[in-house]
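The values are calculated or read from the model by the stated rules, or taken from the named source; none is laboratory data. Note that the coordinates shown come from a computational prediction; the quantities given were computed from them, not determined experimentally. Neighbour counts are summed over all protein chains in view; Cβ atoms, including those assigned to glycine, are modelled from backbone coordinates with ideal geometry. Quick note on the areas: whole protein, heavy atoms, side chains included, nothing else; ligands and nucleic acids left out. Shrake-Rupley method; radii C 1.70, N 1.55, O 1.52, S 1.80 Å.
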Amino acid sequence: MKAATKRICSVLTGVGLGLGLSTSVWAQASLEDVMKERGLTQKDLLAAAKTYTPTGGRDEYLAFSSGGQSGHVIVYGIPSMRILKYIGVFTPEPWQGYGFDDESKAILAQGKINGKQITYGDTHHPAFSETEGEYNGKYLFINDKANPRLAVIDLHDFETKQIVVNPFMKSDHGGAFVTPNTEYVMEASQYAAPVSHDYVPLEEFNDKYRGALTYWKFDMKEGRIKPEDSFTFELPPYSQDLSDAGKKVSAGWGFTNSFCSERYVGGIERGRPPFEAGCSQKDTDFLHVTNWKKAAELVAAGKVHKVNGSYQITIEQAVKEGLLYLIPEPKSPHGVDVSPDGKHIIIAGKLDSHAWVYSWEKIQNAIKNKKFEGKDPYGIPIISMKDTLHTQVQVGLGPLHNQYDSKKCVVYTSIYVDSMVTKWDYCQGKVLDQLHIHYNIGHLVSMEGDSVSPDGKYLVSLNKLAIDRFNPVGPLHPQNHQLIDISGDKMQLLYDMPLPLGEPHYVVAIKADKLKPAVRYKSGWDSRSDKKSPWKTRAGREKVVRKDGVVHVYGTVIRSHITPEIIEVEEGETVSIHLTNLERAEDETHGFAMYSQNVNLSIEPGKTVSATFKADKAGVYPYYCTEFCSALHLEMQGYLLVKPKGYVAKAGKIEEGQKYTKADYDKQVKTNIDTQAVINSVVGFITSHNYKDFPEVVALVEDATDQLGFADEAKKKAEAYAAKGDYQNATLWAGQHWQYQVKTADLGLRAKTFLEEHGAKKVEPKKAK
Ligand code: K7E
Ligand code: CUA
């Protein structure tokens, strides 16, 4: 018994030594010693105490950051600022197998434009799905500015499920913003372009180039955008910028900024002053006010025509039906942010030092009374600024974006040129506090700041550049996200986090306990379509099927082998490998990588994924598991053998490098008996406790039962060979029996530890299985 226990223990607890020493050295130094040595102040310590999260600790909020040009979404915790995940969205993400397995390749293919696969994204604005204006923790949306696309990420598994391409735009910026019940996701164009996909000379800019605002219909139940039920407002060729949806009293309406309402077209090489000169001449640009609720009714009533295969509400129709209005706004504005109660809309002009607060009530009155100051060149009624303005506050040079606090009337505005955050009261119109941040702040985010009930607490300042803040890493620096405590009257800077993945424009943060992510899939699950995979395979049912010119390999992975371990095909055949992870235990992911075929899969518990490729060159292609999943992980391997056309196998068999005798067999059998005793004692512990109250443990026990089942089969094979006197095979199968036992014991011990750590109670003794 002892020898076997030792072997298992060394297998199971071989890692994790060496921690004890460093902790004891650390413990000898006093707090004062450390402060002195590292040059820290009391203020630093206080800041550290507010962000430091001890091992095993969780964050109160999860932030979802745009990954900028990487096309990913970055997930990090607040207040710890620890990065938890990069979600592949518009671009491949190898660790998750995103863009490598057939299932996720199909998602990326949805994002093709004019038949071209786009392998980058310029992600800007993430947005959570909402119910009655509150984040509901179900979905996340994000836009790609360069290639007008919108993606849907399911927060049940943090995977991208859908990409839609805008049929009217050539760029977008004013997305993603959701309406209060996620009826629609807003996406507004940025650079005006012809509605058709044809060539249109710039001389026809005013007549043929257009902006657009799409309301994408979202089906919360299905978790997918419905392009066929979505509609788009045709807008003048003013460069539309950010958007926001009305809330509560202003629900049913949307707001979209613009710049360059001068409709200036540059052309330095034609001797014309550049865009920047011509786009900043007027004192004001236009806020677009759209009535999506009424527009949706028109669509439903069949009164809207389709252009480019999608509903388009023309400017003419929008004006006639009272769906579209313009209001002058400070020039070159950036953010447009509706207050939590929906009563105010704050807009800051980049080239102005004021933030402008508009009153929804006043806007509505003007619309009701048809009080307009005129029309724009496209016939859209203009409501005068003075009829709609509530107040105007000097907040600093280059104000950009706004985020609301939990405290009534309090808002935070990012001040780009002055590099600071201004906290001010938008009801009374006065500045409350200002905090200098490191440099060039872009967006800022408060906790649940876009919802109808912001939490306040923390603010993150998303600084465009890091300059001198971190250890230099070459000419391209990371971005700097600075955590700020906003719980008191004065803002306090707590922490700098470098973010090394693209320029993250915007972040949204949600209370962590609103998210209920899964730890496993239902067995045989296609996570991208959220359906049972047609390729799912159960243990013992692995097979190879040749159909319609494709070699389908139905395989499985489980600690620590891939079935099949040898795949034989002929040169020129198309191979489609479908792998199902049979595990249920948390975090028991296997990978699958193959030499030179660009095959790289991530197979989380329960998942089925496929890799299809042409075996166009005869040769030997090793494959293996890429996740360190178990002690025998390196042995989780196999070979794809691509035989030359017409190859005739020579006689002979695999000559093993090691010969085994009866003594070897007996020794292995003895080890197995001892190991079984260990397993029995662990099983005894588990079944004598209320383990069924712990779903995590139930999953482990189910996996352990599977492994033990395989162990029995291996044992029978070993005994059959031994009976025939074939000790070579008998010893190998007895060894495999032991491998299954080790995995059973591993799972059992994990379950036992979990029960001990979570205060499981002893129950009436039951018979051990
Ligand atoms: Cu960079 Cu919202 Cu695209 Cu401002 S955006 S900074
Ligand atoms: Cu499975 Cu390593």
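Which of the strands (runs of 3 or more DSSP E) contained wholly in segment 575-621 include at least 1 residues that are open to solvent by 10 Å² or more (accessible area, probe 1.4 Å), more than 16 Å from ligand 1 (Cβ to nearest atom) and among the polar types (S, T, N, Q)?
Once the strands (runs of 3 or more DSSP E) in segment 575-621 are filtered for at least 1 residues that are open to solvent by 10 Å² or more (accessible area, probe 1.4 Å), more than 16 Å from ligand 1 (Cβ to nearest atom) and among the polar types (S, T, N, Q), what remains is 599-603, 608-614.
Considering only segment 559-570, I want to know if a residue exists there that is more than 19 Å from Y740 (Cα to Cα) and either among the small types (G, A, S) or at pLDDT below 95 (or both).
no
Might you let me know whether segment 626-641 holds any residue that is over 27 Å from A734 (Cα atoms), over 30 Å from the mean Cα position of the chain (by Cα) and open to solvent by less than 40 Å² (accessible area, probe 1.4 Å)?
no
Counting just the residues of segment 574-607 that are away from ligand 2 (no atom under 14 Å from the Cβ) and closer than 21 Å to F710 by Cα, which one comes out farthest from the chain's Cα centre (by Cα)?
Here the residue is R584.
Does A751 fit the bill of being of a type in the set (A, V, I, L, M, F, W, C), open to solvent by less than 60 Å² (accessible area, probe 1.4 Å) and more than 21 Å from S630 (Cα to Cα)?
So A751 fails the test.
Suppose the filter is open to solvent by less than 10 Å² (accessible area, probe 1.4 Å) and either within 16 Å of ligand 1 (Cβ to nearest atom) or in contact with a Cys (Cβ under 9 Å, 6 or more places away or on another chain) (or both); does I558 pass it?
So I558 does not fit the description; no.
Kindly check whether there is at least one residue in segment 262-269 that is at pLDDT below 95 and of a type in the set (G, A, S).
Among the residues of segment 262-269, at least one is at pLDDT below 95 and of a type in the set (G, A, S), which makes the answer yes.
At least 2 residues that are open to solvent by 40 Å² or more (accessible area, probe 1.4 Å) and either in contact (Cβ under 8 Å) with a residue 12 or more places away in the chain or not assigned by TED's automatic domain parsing to the domain that holds S406 (or both) in each: list the strands (runs of 3 or more DSSP E) lying fully within segment 450-514 that qualify.
In segment 450-514, the matching strands (runs of 3 or more DSSP E) lie at 492-499.
Look through segment 627-643, keep the residues that are in a loop (DSSP other than H, G, I, E, B) and near ligand 2 (Cβ under 7 Å from one of its atoms), and return whichever of them is farthest from Q736 (Cα to Cα).
In this case the residue turns out to be E627.
When you check G349 against the structure, is it assigned by TED's automatic domain parsing to the domain that holds S250, closer than 23 Å to K408 by Cβ, of a type in the set (G, A, S) and within 16 Å of ligand 1 (Cβ to nearest atom), yes or no? Even if it seems obvious, please write down each step before you answer.
Numbers: assigned by TED's automatic domain parsing to the domain that holds S250: yes; closer than 23 Å to K408 by Cβ: no; of a type in the set (G, A, S): yes; within 16 Å of ligand 1 (Cβ to nearest atom): yes.
It is false that G349 is assigned by TED's automatic domain parsing to the domain that holds S250, closer than 23 Å to K408 by Cβ, of a type in the set (G, A, S) and within 16 Å of ligand 1 (Cβ to nearest atom).
Restricting the first residue to segment 322-345 and requiring it to be free of Cβ contacts under 8 Å to residues at least 12 places away in the same chain, which pairs with a second residue that is open to solvent by 10 Å² or more (accessible area, probe 1.4 Å) meet a Cβ separation below 9 Å and a spacing of at least six or different chains?
Cβ pairs passing all conditions: none.
Farther than 23 Å from S65 by Cβ, more than 16 Å from ligand 2 (Cβ to nearest atom) and of a type in the set (G, A, S) - does that describe any residue in segment 407-420?
Within segment 407-420, the first condition is being farther than 23 Å from S65 by Cβ, and the residues that meet it are 407-410, 417-418.
Pick out the ones that are also more than 16 Å from ligand 2 (Cβ to nearest atom) and you get 407-410, 417-418.
Of the ones still in play, those that are also of a type in the set (G, A, S) are none.
Among the residues of segment 407-420, not one is farther than 23 Å from S65 by Cβ, more than 16 Å from ligand 2 (Cβ to nearest atom) and of a type in the set (G, A, S), which makes the answer no.
If A146 meets every condition in (1) in contact (Cβ under 8 Å) with a residue 40 or more places away in the chain; (2) within 17 Å of Q69 (Cα to Cα); (3) open to solvent by 20 Å² or more (accessible area, probe 1.4 Å) apart from one, which number is that one?
Here A146 meets the rest and fails (1).
When segment 324-344 is examined, which residues are found to be touching a helix residue (DSSP H, G or I) at 6+ places or on another chain (Cβ under 7 Å) and surrounded by fewer than 22 Cβ atoms within 10 Å (Cβ to Cβ)?
Once the filter is applied, which keeps residues that are touching a helix residue (DSSP H, G or I) at 6+ places or on another chain (Cβ under 7 Å) and surrounded by fewer than 22 Cβ atoms within 10 Å (Cβ to Cβ), segment 324-344 yields D341, G342, K343.
Spot the failing condition for V648; the list is (1) assigned by TED's automatic domain parsing to the domain that holds L708; (2) modelled with pLDDT under 95; (3) open to solvent by 80 Å² or more (accessible area, probe 1.4 Å); (4) not acidic (D, E), and only one is missed.
(1)
Report, by residue number, each residue of segment 226-249 that is hydrophobic (A, V, I, L, M, F, W, C) and either surrounded by fewer than 23 Cβ atoms within 10 Å (Cβ to Cβ) or free of Cβ contacts under 8 Å to residues at least 12 places away in the same chain (or both).
F231, V249 - these are the residues of segment 226-249 that are hydrophobic (A, V, I, L, M, F, W, C) and either surrounded by fewer than 23 Cβ atoms within 10 Å (Cβ to Cβ) or free of Cβ contacts under 8 Å to residues at least 12 places away in the same chain (or both).
Could you please find all residues in segment 380-410 being aliphatic (A, V, I, L, M) and either touching a residue at least 60 places away in the same chain (Cβ under 8 Å) or touching a Lys or Arg at 6+ places or on another chain (Cβ under 8 Å) (or both)?
I380, I382, I383, M385, L389, V393, L400, V410
Where in segment 185-271 are there strands (runs of 3 or more DSSP E), lying fully within it, with 2 or more residues that are among the charged types (D, E, K, R)?
In segment 185-271, 209-219, 224-235, 239-245 are the strands (runs of 3 or more DSSP E) which contain 2 or more residues that are among the charged types (D, E, K, R).
Anything in segment 71-90 that is open to solvent by less than 10 Å² (accessible area, probe 1.4 Å) and either charged (D, E, K, R) or within 28 Å of H578 (Cα to Cα) (or both)? List them, or say none.
G71, V73, I87, G88, V89, F90
If the requirement is being β-branched (V, I, T) and open to solvent by less than 50 Å² (accessible area, probe 1.4 Å), which of these qualifies: V519, V544, V551?
Just a single option satisfies the conditions, and that option is V551.
Going residue by residue through segment 109-118, is there one that turns out to be closer than 27 Å to H443 by Cβ, open to solvent by 10 Å² or more (accessible area, probe 1.4 Å) and in the same structural domain as G456 (by TED's automatic domain parsing)?
So the first thing to find is which residues in segment 109-118 are closer than 27 Å to H443 by Cβ, and the list is 111, 113, 118.
Then drop every residue that is not open to solvent by 10 Å² or more (accessible area, probe 1.4 Å), which leaves 113, 118.
Filter once more, so that each one left must be in the same structural domain as G456 (by TED's automatic domain parsing): 113, 118.
Yes, that holds for at least one residue.
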